[in-house]
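The values are calculated or read from the model by the stated rules, or taken from the named source; none is laboratory data. It should be emphasised that the depicted structure is a prediction, and the values quoted were computed from it without experimental measurement. In this analysis, Cβ positions are derived from the backbone assuming ideal geometry, glycine residues included, and neighbour counts consider all displayed protein chains. We work out accessible area using only protein heavy atoms, side chains counted, and drop any ligands, DNA or RNA first. Shrake-Rupley method; radii C 1.70, N 1.55, O 1.52, S 1.80 Å.
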Amino acid sequence: ACDDNAFFHAHRGAQLLAQGQTEAAAVSLEKALLINPDLPGAQLDFAQALAQIGLKGSARAILSKVLQRPDIQPDLKNQLAKAQLEQAQPNWQWQALAQTAYGHESNLNSATYTDTLTLYLSNGPVTLGLTDNAKPVAGGAFKSSVALQGTLRGAGLQELSVNAAINNKSGAASIGGNNRTAEGALKYSLPVAAGNASGVWQLAVGGTQFWLASQTAYTDQGVQLKFNWDSLGAACKAAPSIGAVDQKFPQATTLNGTYTYARMDWVCRTSKNQETHVALGAGQDKAQDANRPGGNRARADLMLRHEQFVQMPQMPIIGNLSGQLTAWLRHASSKDKLAYSELLGELKSNTQRSDFGLGYWFPVSKQWSAGLNIETTSQRSNNTLFNLKNSAVYAGIRWAQE
């Protein structure tokens with residue numbers, strides 16, 4: 001009988017919220033409002049629970065609905081309106097991160113991992129051996145990165161965020177391994193609250209530029225539309241999206257293409273100390289030049305990332321090494337529609353790439369941490385030009401400001 005009683009679920013949710021069991025409280029309060037959407041106390045408790053578990057957009061949307069009620073007490077309405085006004089004032093919040101590390105890679109110059117290449121000439125196939133300077137070269141290098149994120153909450157429920165990052169690898173100039181990447185994005189978010197469709201719409205525009213040594217080797221500009229579902233009671237939150245990216249290769253313009261895609265992300269959080277992110281995406285990379293090697297290209301991506309706080313025992317001299325363990329895996333496939341080159345016969349490239357990494361970082365002070373990253377890359381293709389292997393180990397320090 002209690003399961004059909006809105007007051008029971010509202011009271012239970014309030015008790016759980018007072019005890020700090022926020023997610024369980026949100027589930028009970030949502031049940032109460034599904035039975036009786038007009039319980040003002042449950043609405044306020046639900047908004048508080050949503051805010052505490054990070055769904056601030058939905059919390060603000062519910063609070064706005066409560067303020068529109070004709071039966072709300074004047075004193076309470078004034079307090080809520082004042083709090084909402086303070087939250088609504090345009091206010092930039094900034095986060096910054098800087099990191100540097102030194103390590104070793106087995107293929108610093110990203111060379112093709114093959115010894116020979118077979119060309120199909122008019123007088124028959126010819127096998128050529130690659131010179132030593134075209135083969136993988138191992139060595140050490142420095143990696144550094146700087147990232148900045150700013151968030152502005154507007155007078156309504158909107159949110160605007162700016163992201164910028166620069167990554168640099170240096171110390172490998174003699175073998176062509178120096179490179180630099182700059183990325184930037186602008187995102188506009190609008191929360192909506194409509195029963196099971198509650199969530200946040202997000203429109204993002206951004207771009208990337210990649211330099212190899214001092215020359216620009218690649219640029220892109222893209223747009224993405226995503227909906228982040230705020231589904232309560234579920235271990236995983238879903239976020240479908242669609243987008244398009246315009247890709248340019250200034251030193252080889254026939255490679256230019258436009259990639260359109262659909263993608264689904266799931267973020268699963270079973271506790272405060274661990275989170276898993278899974279993403280599946282697929283689309284078509286359409287050639288902008290009819291003479292592009294391989295023509296149009298079908299692409300698919302799988303990404304898996306898991307983060308977990310690991311509690312380590314206290315060690316003599318060294319101290320506490322408890323920190324954040326991160327594991328990530330990405331697998332991408334690409335299939336050409338046309339033959340890549342007449343010199344390679346009727347070969348249509350089919351390429352599979354897998355990247356795997358482990359990182360462990362532990363704090364040494366409030367803003368500083370030290371850690372280690374291990375990464376491996378394996379790319380296999382029926383087109384030997386695209387075969388690639390690389391292993392890397394980097395140790396470094398990180399500074400973060402929130």
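Taking 0.36 nm per residue of separation and subtracting the Cα-Cα distance, full extension of the segment from SER322 to ALA290 would add 6.0 nm.
Rounded to the nearest 20 debye, what is the charge dipole size of the chain about its Cα centre when +1 sits on each Lys and Arg Cβ and -1 on each Asp and Glu Cβ? So the dipole magnitude of the chain works out to roughly 320 debye. Rolling a 1.4 Å probe over the heavy atoms of the protein chains gives the chain an accessible area of 57 Å² per residue.
The calculated FRET efficiency for ALA18 paired with ALA300, based on their beta-carbon distance and R0 = 51 Å, is about 0.60. For the chain, the list of Cys residues with no other Cys C-beta under 4.7 Å reads CYS2.
Each of GLY295, GLY371, LEU108 was scored by the projection of its Cα onto the charge dipole of the chain, and the greatest displacement toward the positive side belongs to LEU108; charges sit on the C-beta of Lys, Arg, Asp and Glu. In the structure shown, the pairs LYS286/LYS335; LYS31/LYS65; LYS169/LYS366; LYS135/LYS389; LYS337/LYS389 are assessed against 21 Å; a Cα-Cα span above that value is assigned to LYS169/LYS366; LYS337/LYS389.
In this view, the solvent-accessible surface of HIS11, computed with a 1.4 Å probe and all protein chains in place, comes to about 120 Å².
Placing unit charges on the Cβ atoms only, positive for Lys and Arg and negative for Asp and Glu, gives region 285-402 a dipole magnitude near 140 debye about its Cα centre. Here the simple spin-label model places points 7 Å from the Cα toward Cβ, and for THR254 and THR181 these points are separated by 2.7 nm. Calculate, for SER365 and ASN36, the FRET efficiency according to 1/(1 + (r/R0)^6) with r their C-beta to C-beta distance and R0 41 Å; round to the nearest 0.05. Once the sixth-power term is evaluated, E becomes 0.25. Spin-label model, ARG380 to ASP246: label points 7 Å out along the Cα-to-beta-carbon direction sit 3.8 nm apart.
In the assembled protein chains, VAL364 presents an accessible area of approximately 90 Å² (probe radius 1.4 Å).
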